[in-house]
Amino acid sequence: MTTVIHETAIVDNGARIGEGSRVWHWAHICAGAEIGKGVSLGQNVFVGNKVVIGDKCKIQNNVSVYDNVTLEEGVFCGPSMVFTNVYNPRSLIDRKNEYRNTLVKKGSTLGANCTIVCGTTIGEYAFVGAGALINKDVKSYALMVGVPARQIGWMSEYGEQIPLPIHGDGKYKCPHTGLVYELVDGVLKKQGK
């Protein structure tokens, strides 16, 4: 697999980009960035120095992944979504030593134009709807919408909303794959996991 870097992209010396990744028009990758295999970075994407992007992530156009953001494997970042790294920024006050860590776990989707406030963790396979504002941790498989975001349901690993429990037993079934998920103490888990 060949890594493709568009001629207009800027990749600073020291940046690590995995095999088979694609960096498109006018992207800028800083020297300390770690980018996995098979990653797609769309037009006008910025990746900071203290950023880790896992294998098979897709970051759509106009997304800035600032310092202290970690994306695990298979995270989708929709067009123009926003990460922050300072909770209370001021132009006249240097707060680079106050960056908060943001972790987006495996398989999560961050919809177009959503905002992820720094210091939060997005659980595995969570789904953040377009335009939502995340200002607190998100459970795995949670479907989040609104400003501020609230949970309105559950999503399967396939990316389908899971219907209400089967026979009221706390079990949910993905309509596409047939995989069954179980809700235990407010946490959704794939059966057999």
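Some observations on this one:
- Hits in region 83-99 (condition: open to solvent by 70 Å² or more (accessible area, probe 1.4 Å) and of a type in the set (Ser, Thr, Tyr)): Tyr87, Ser91
- Residue pairs whose Cβ atoms lie under 7 Å apart, separated by 6 or more positions or on different chains, with the first residue in region 54-72 and surrounded by fewer than 21 Cβ atoms within 10 Å (Cβ to Cβ) and the second acidic (Asp, Glu), are Asp55/Glu73; Lys56/Glu73.
- Among the candidates Asp55, Asp67, residue that is of a type outside the set (Gly, Ala, Ser) and over 13 Å from the mean Cα position of the chain (by Cα): Asp67
- Subset of region 158-182 (residues that are touching a strand residue (DSSP E or B) at 6+ places or on another chain (Cβ under 9 Å), open to solvent by 60 Å² or more (accessible area, probe 1.4 Å) and within 28 Å of Thr115 (Cβ to Cβ)): Gln161
- Candidates Tyr181, Tyr172, filtered to the one that is hydroxyl-bearing (Ser, Thr, Tyr), modelled with pLDDT under 95 and out of contact with any Lys or Arg (no Cβ under 6 Å at 6 or more places or on another chain): Tyr172
- Criterion applied to Gly74, Gly32, Gly54, Gly36 was being farther than 24 Å from Tyr125 by Cα and not charged (D, E, K, R), and the one residue passing it is Gly32.
- Positions within region 184-193 being in a strand (DSSP E or B) and either touching a residue at least 60 places away in the same chain (Cβ under 8 Å) or within 23 Å of the chain's Cα centre (by Cα) (or both), in sequence order: Val187, Leu188, Lys189, Lys190
- Of residues in region 89-108 being within 12 Å of Tyr66 (Cα to Cα) and among the basic types (Lys, Arg), the one nearest to the chain's Cα centre (by Cα): Arg100
- Test: Ala130 is open to solvent by 50 Å² or more (accessible area, probe 1.4 Å) and modelled with pLDDT of 95 or more: yes
- If you go through region 143-157 and pick out every residue that is open to solvent by less than 50 Å² (accessible area, probe 1.4 Å), in contact (Cβ under 8 Å) with a residue 12 or more places away in the chain and touching a strand residue (DSSP E or B) at 6+ places or on another chain (Cβ under 6 Å), you end up with 6.
To keep it simple, each residue is scored yes or no on (1) modelled with pLDDT of 95 or more; (2) in contact with a helix residue (DSSP H, G or I) (Cβ under 9 Å, 6 or more places away or on another chain); (3) open to solvent by 30 Å² or more (accessible area, probe 1.4 Å); (4) hydrophobic (A, V, I, L, M, F, W, C).
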position: Gly78; (1), (2), (3), (4): yes, no, no, no
position: Met81; (1), (2), (3), (4): yes, no, no, yes
position: Asn101; (1), (2), (3), (4): yes, no, yes, no
position: Lys106; (1), (2), (3), (4): yes, no, yes, no
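- Residues of region 157-169 satisfying the condition of being part of a loop (DSSP other than H, G, I, E, B), touching a Phe, Trp or Tyr at 6+ places or on another chain (Cβ under 8 Å) and at pLDDT 85 or above: Glu157, Gly159, Ile162
The values are calculated or read from the model by the stated rules, or taken from the named source; none is laboratory data. Quick caveat, the model's predicted, so the values are computed rather than measured. In this analysis, Cβ positions are derived from the backbone assuming ideal geometry, glycine residues included, and neighbour counts consider all displayed protein chains. Surface accessibility is based on the protein's heavy atoms, side chains included, excluding ligands, DNA and RNA. Shrake-Rupley method; radii C 1.70, N 1.55, O 1.52, S 1.80 Å.
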